[in-house]
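Take a look at the structure set out below.
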Amino acid sequence: MKNAKNAHFWQVDHKVKRIAEVKQVEVLSSPSAWEKYIWSRKYFRRKPEEGYFVWVRQQPNIPLQTCVNIVAKNIKQIMTNLLVVEEGLKIELEGFCGNVAACFNGAHLAQGSIYIKRNSSVTYRHIHSWEPDNIIEPNYEFLLEENAQLDYVYKTTHTPRILKVKNKITCLKGAKVSIKILVDCKNTEFFTEDAIVLKGKGSSGISRLRFIAGENSNIKAHSLIFAKSASMGHLDCQSLITADSAKVSLVPEVLCEEKEAQVTHEASIGKVSEEQLNYLRMRGLTEEQALNLIISGFLRI
Amino acid sequence: MKSKHLLKITNLHASTYEDKKILHGVGMAIEKGKVYALLGPNGSGKSSLAHIILGDPKYEITKGKIVFGGKVLNGTHPEERVKLGLALAFQHPPVLKGVPLEVLLKIISGSEVEDKFKIAPKLLSRDVNLDYSGGEKKLTELLQILLLKPKLAILDELDSGLDIRNLKKLVDIVKKELIGKKTSVLIITHSGKILELLKPDMTSVMVDGKIICRNKDYKGILKTISKYGYEKCKKCPFLAS
């Protein structure tokens, strides 16, 4: 569908439900793109079975959207996604993946590649919301060419039984990245690994992680900033424990191979402040309302 | 017979949960629509008393009782007490990072934020108490109290850290929106200058977790304190029983 009012890709279970394009943006299923564009094969990390391909060729004047749902039982999605943004463009992308009904024994295994070419800027809001009995593994790699910028937010509002999140971002000369990973866990085994590789001179990266460790949750996070050139990076990793049955392990790591680089980190694990909780209760909020407000504030960065 | 007292505190003893004794037999009664003042030096237990009245879980009542609007408050949660009509403006309110003031006000008021008092229009989008000046904290505390529409408003050190312009602004709002609407007010202070502006109906003095003096003549009490300090209060002719 050409010349639509917005550009989006919508998949339910294994079926592509709708694709809409504008003239500046080509949207295809990944298997179709693999066949149509030989050049795309060097960008895909594997031959795709399903997934989306978004190629931003010129400046669009609308946000781009992707939506991938699981609605049936026993669905295992193996997504291979690719976003290519040509030079000098500024785009906003909203991606939603989640259940829209109670689903059982589902899996969403996504391998994504995002290429942001020279002088382009991408704002990407990636939202997940899953029913408990699912296994979810988003694994994304980003390449930021010279002077490219990425503002990436990954947020899970409802966590599945198992959640494994991986992000690797490589920044070339002058590229800038800000990533935020915000996860509110309940009854979840959550593993996350993110790495920002500052490869080019003058590149910079900031990684901010906020995790809520609720009832029966086990969080293991490893976050890395690797400065290979004269660059700047900062890692800010914080977790709030709200239940006795929760466990958290945060491992921030900074690596440096260049004397002109500056990389810093901070990490903390703490409980909800009694002072804040009681203050809000003395404003008439119930304990649960107060806790939810504090948690939403913690995740709002 | 219905009591004329909105709040009645009898022989109240309280400790922190770390077992530090804070109050040693406090008695206090506040009538509907009246303005009360509680004076005392730093660390005398004034703020703790306010928090205990509101049911702060940090404290434990070991003896005595608090009755508000005919209902015994001992053992009730803070939010229940707020529903009954109690409200406390904190001396040192905590920062709520990531919570814009307008979000909190909306929850408190149960509707869209309407700062009809024009107290904090510039602060609405900022996180609660984050990098606020002393005056901004006091103003926003008062705004929250007004939105709760209490029967008894406890204002803890509302005057501390305020310049005279802001103090007058706050006092005008308290007069118009609280006292003018027959809300009982308990002013907690250790300096006394706010008393000159609000002219309380009754003033008490607290030292070492006890009310040691109570009188309608706030000027007389202030005069004694300024001349002899709080220690003299223990010997003054107005000594509370």
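Just so it is clear, none of the values below were taken in a lab; they were calculated from the coordinates. The structure presented is a predicted model; accordingly, all values stated were derived computationally and were not measured. Note: ideal-geometry Cβ built from the backbone for every residue, glycine included; neighbour counts use all protein chains shown.
Give me a single rounded figure for B:79-89: the average over its residues of other chain Cβ atoms within 10 Å of their Cβ. Kindly include the intermediate steps, with their values, before the conclusion.
Values: counts 10, 3, 3, 5, 1, 0, 0, 2, 3, 3, 0.
Mean partner shielding for this stretch: 3.
Relative contact order (percent) for the stretch B:103-240, with alpha-carbon contacts under 8 angstrom and 6 or more residues of separation?
Numbers: 130 pairs, mean separation 23.0, N = 138.
This gives 17 percent for the stretch B:103-240.
To the nearest 10 degrees, how steep is helix B:164-173 against the longest Cα principal axis of chain B, on a 0 to 90 scale?
With rounding to tens, the tilt is 90 degrees.
For A:Ser178, B:Ser111, A:Ser129, what ranking results if the residue with the fewest other Cβ atoms within 10 Å of its Cβ goes first? If you can, show how the numbers build up before the last one.
Values: A:Ser178 18, B:Ser111 10, A:Ser129 15.
The order, fewest Cβ neighbours first, is B:Ser111, A:Ser129, A:Ser178.
Listing B:Tyr59, A:Tyr140 from the residue with the fewest other Cβ atoms within 10 Å to the one with the most, what is the order?
Fewest-to-most ranking of B:Tyr59, A:Tyr140: B:Tyr59, A:Tyr140.
For the stretch A:7-273, go through all pairs of different Cα atoms, get the mean of 1/r, take its inverse, and jot down that Kirkwood value in Å.
On the way: mean 1/r = 0.0530 Å⁻¹.
Result for the stretch A:7-273, one decimal place: 18.9 Å.
Over the stretch B:47-126, how many percent of alpha carbon pairs lie in each 5 Å bin up to the one with the longest distance?
3, 12, 19, 20, 17, 14, 9, 5, 1
Would you mind counting up the charge near A:Trp34? Only other residues with Cβ under 9 Å from its Cβ, with Lys and Arg at +1 and Asp and Glu at -1. All intermediate terms of the calculation are to be shown ahead of the outcome.
On the way: positive: A:Lys36, A:Arg41, A:Lys47; negative: A:Glu35.
Spelling it out: positives minus negatives among the neighbours equals +2.
Report the Rg/Rh value for the protein assembly as shown, based on alpha-carbon coordinates and the Kirkwood definition of Rh.
On the way: Rg = 29.9 Å, Rh = 26.9 Å.
Checking Rg against Rh, the ratio lands at 1.11.
From the alpha carbon gyration tensor of the stretch A:140-257, can you work out the equivalent ellipsoid semi-axes (sqrt of 5 times each eigenvalue) and give them in Å, largest to smallest?
Working: eigenvalues 167, 33, 19 Å².
Each semi-axis is the square root of five times an eigenvalue, giving 29, 13, 10 Å.
Can you tell me what share of the DSSP beta bridges in chain A is antiparallel? A percent to the nearest 5 is fine.
Working: 11 of 144 bridges.
Percent antiparallel among DSSP bridges in chain A is about 10.
Helix-only estimate, please: 222 nm mean residue ellipticity of the protein assembly as shown, summing -39500 (n - 2.57) across DSSP H runs of length 4 or more and dividing by its residues, to the nearest 500. Write down the numbers at each step before the final one.
Details: 11 runs with 98 residues, N = 542.
Roughly -5000 deg cm²/dmol at 222 nm, from the helical runs in the protein assembly as shown.
Let's see if you can work this out: charge +1 on each Lys and Arg Cβ, -1 on each Asp and Glu Cβ, no other charges. What is the dipole magnitude of chain B about its Cα centre, in debye to the nearest 20? Please list the in-between numbers first.
Values: 42 positive and 26 negative charges, 220 e Å.
Dipole about the Cα centre, nearest 20: 1060 debye.
Could you list, bin by bin from short to long, the percent of Cα-Cα pairs of the stretch A:27-183 in 5 Å steps?
It works out to 2, 9, 19, 21, 20, 16, 8, 4, 1, 0, in whole percents.
Assuming R0 = 60 Å, can you tell me the calculated FRET efficiency for the pair A:Lys73 and B:Tyr228, based on Cβ-Cβ distance, to the nearest 0.05? Show your work: numbers first, answer last.
Details: r = 81 Å, r/R0 = 1.36.
Once the sixth-power term is evaluated, E becomes 0.15.
Computed on alpha carbon atoms, what radius of gyration and Dmax characterise the stretch B:95-241, expressed in Å?
Rg, Dmax (Cα atoms, Å): 17.4, 53.
Give, as ranges by residue number, the residues of the stretch B:29-49 whose backbone N falls under 11 Å from the point 7 Å along Cα→Cβ of B:His13.
Flagged as within label range: none.
Quick one: compute a quarter of the convex hull surface over the Cα atoms of the stretch A:207-257 and quote it in nm². Please report the intermediate quantities before stating the final value.
Details: hull surface 12.9 nm².
For the stretch A:207-257, the mean projected area of the Cα convex hull comes to 3.2 nm².
Counting DSSP beta bridges with both partners in the protein assembly as shown, what percentage is antiparallel, nearest 5?
On the way: 37 of 188 bridges.
Restricted to the protein assembly as shown, the bridges split so that about 20 percent are antiparallel.
Grab the alpha carbons of the stretch B:5-202, take their convex hull, and tell me the volume per residue in Å³.
On the way: hull volume 23.5 nm³, N = 198.
Looking at the stretch B:5-202, the number lands at 119 Å³ per residue.
Given the Cα-Cα distance of A:Val272 and A:Phe104 and 0.36 nm per residue of separation, how much length would full extension add, in nm? Don't jump to the answer; show the numbers that get you there.
Values: separation 168, 0.36 × 168 = 60.48 nm, distance 3.24 nm.
Length gained between A:Val272 and A:Phe104: 57.2 nm.
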